[in-house]
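**Student:** One structure, as structure tokens, below. Some questions next.
Taken together, the values in this text are just the output of simple stated rules run on the coordinates, not laboratory data. Predicted model, so just to flag it, every value in this text is computed and none were measured. Cβ atoms come from the backbone with ideal geometry, glycine included; neighbour counts cover every protein chain shown.
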Amino acid sequence: MALINSLIDYLRGSKPKSASVAKERLQLILAHENPGRRGAPDYLPALRQELLAVIAKYVPIDPEQVKVHLDRQGDYDLLELNIVLPEGVEQR
Amino acid sequence: MAKVVVITSGKGGVGKTTTSASFASGLAMRGYKTAVLDFDVGLRNLDLIMGCERRVVYDFVNVLTGEATLTQALIKDKRLDNLYVLPASQTRDKDALTKEGVERVINELKETFDYIVCDSPAGIEKGALMALYLADEAIVVTNPEVSSVRDSDRILGILQAKSKRAEEGLEPMGEHLLITRYSPKRVTLGEMLSVEDVQEILRVPLIGVIPESEQVLQASNSGSPVIHADSTDVAEAYRDVVARFLGEERPMRFLQPEKRGILQRLFGT
């Protein structure tokens, strides 16, 4: 939907309306700040810790570079893992 | 069985006190014996909005410390027979509020009142936590604006974690979303978050939408809760909120921009 809207906006040559910008910004920030309230399971922090421990066994990693995120899209949940490995890690 | 309702929001200036005054008045108009309590210790304002500021003798803190009884401190509303106001203290600090003290006062009120409406201060500190601690139902007042929506989300998390119901694992508090200062015209122009947007983000059942209106300032100027401003959109919207709270079905109103008549359009008024 958002895509179609932005396409329409693009064709019209108009900027996105500020209300839709507000909505997107809020959805992004609140998913981060208060995941428990959004129906996300509370095992996410523990899952993140354990993943971190497993990865650290194989490659040195910055804890900040492991992101675990749960998203709801219609009928299904999307568990998103984003792990950025440090540059120049040699394979063992 | 008496019910405790907290009017809260996180952010300041969104309409908590305006809502507390009108909601409590609305319950009293419907025949329920209602007390409305100001939890904003140090910054009392409910008395002004209710128009009883010159009749304050004792306050909430006096009752907590035993310097006055509830009967002495409660101020009877001049418009409605079954409505009473408990003002906050203007001089003490918020540490005067303790869980035990507040619980004792609310339990005493429960013996004679049907509804106890708690007007929460802004923020998430002591006063706000005490206002929500004993609540059975919460009305979360939100403006269709980013900082207000974010703070409402925060306060909803706190309701679910820090209330007595949460602490004791009882049935969770009932949550209601009230959107205030809504401007249908700006929503149509894409300049303001819509009711649907806010609902989708906060995921709390909607109890009403109060349109942006000059009436609110006029009501506070004169110290008369805006629900008394007969035949205005705001008063009607608040009466709908009270009816829905009492379990009646009422369609949402005032969500579309006002239609302008031909004459208005011609003369641009």
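**Student:** Quick one: compute a quarter of the convex hull surface over the Cα atoms of region B:168-269 and quote it in nm².
**Tutor:** Directional mean of the projected Cα hull area for region B:168-269 stands at 9.6 nm².
**Student:** Determine, at each q value in 0.19, 0.22 (inverse angstroms), the log₁₀ of I(q)/I(0) that the Debye formula gives when each Cα of region B:1-128 is one equal point scatterer.
**Tutor:** -1.03, -1.44
**Student:** List, largest first, the extents of the alpha carbons of region B:76-202 along their principal axes, each in whole Å.
**Tutor:** Extents along the principal axes: 49, 40, 30 Å.
**Student:** Another question about this same structure. What do you get when you divide the Cα radius of gyration of region B:119-164 by 2.2 N^0.38 Å, with N the number of residues?
**Tutor:** Rg over 2.2 N^0.38 Å, computed on Cα atoms: 1.08.
**Student:** By count of other Cβ within 10 Å, fewest leading, how are B:108, B:167 ordered?
**Tutor:** B:167, B:108
**Student:** Pull out the extension gain between residue B:248 and residue B:54, defined as 0.36 nm times the separation in residues minus the alpha carbon to alpha carbon distance; nm, one decimal.
**Tutor:** 66.2 nm
**Student:** About its Cα centre, what dipole magnitude does the protein assembly as shown give when the only charges are +1 on Lys and Arg Cβ and -1 on Asp and Glu Cβ, stated in debye to the nearest 20?
**Tutor:** 840
**Student:** Another question, then. Averaged over all directions, how much area does the convex hull of the C-alpha atoms of chain B cover when projected, in nm²? Let's see the in-between values first.
**Tutor:** On the way: hull surface 58.4 nm².
Approximately 14.6 nm², given one-decimal rounding.
**Student:** Further question on the same structure: Report, ordered by chain and residue number, the aspartates and glutamates lying within cross-link reach of residue B:185, taken as a straight Cα distance under 17 Å and ignoring same-chain residues fewer than 8 apart.
**Tutor:** The reachable aspartates and glutamates, counting only those whose Cα sits under 17 Å from residue B:185, are B:145, B:196, B:197, B:212, B:214, B:233, B:258.
**Student:** I need the per residue convex hull volume for region B:58-149, using only the alpha carbons, in cubic angstrom as a whole number.
**Tutor:** Each residue corresponds to 130 Å³ of Cα convex hull volume.
**Student:** With axes computed from alpha carbons, what is the tilt in degrees of helix B:16-29 against the longest principal axis of chain B, rounded to the nearest 10 within 0 to 90?
**Tutor:** 80
**Student:** In addition: Of B:73, A:18, B:169, which is farthest towards the positive pole of the protein assembly as shown's charge dipole, taken about the Cα centre with +1 and -1 on the beta-carbons of Lys, Arg and Asp, Glu respectively?
**Tutor:** A:18
**Student:** Is there a pair in B:16/B:78; B:16/B:162; A:23/B:33; A:67/B:99; A:17/B:259 whose C-alpha atoms are over 31 Å apart, and which pairs would that be? Don't jump to the answer; show the numbers that get you there.
**Tutor:** Details: B:16/B:78 21 Å; B:16/B:162 20 Å; A:23/B:33 40 Å; A:67/B:99 39 Å; A:17/B:259 23 Å.
Pairs exceeding 31 Å: A:23/B:33; A:67/B:99.
**Student:** Expressed as a fraction of 2.2 N^0.38 Å, the rule-of-thumb size for a compact globular protein of N residues, what is the C-alpha radius of gyration of the protein assembly as shown?
**Tutor:** So the Cα radius of gyration is 1.16 times the expected 2.2 N^0.38 Å.
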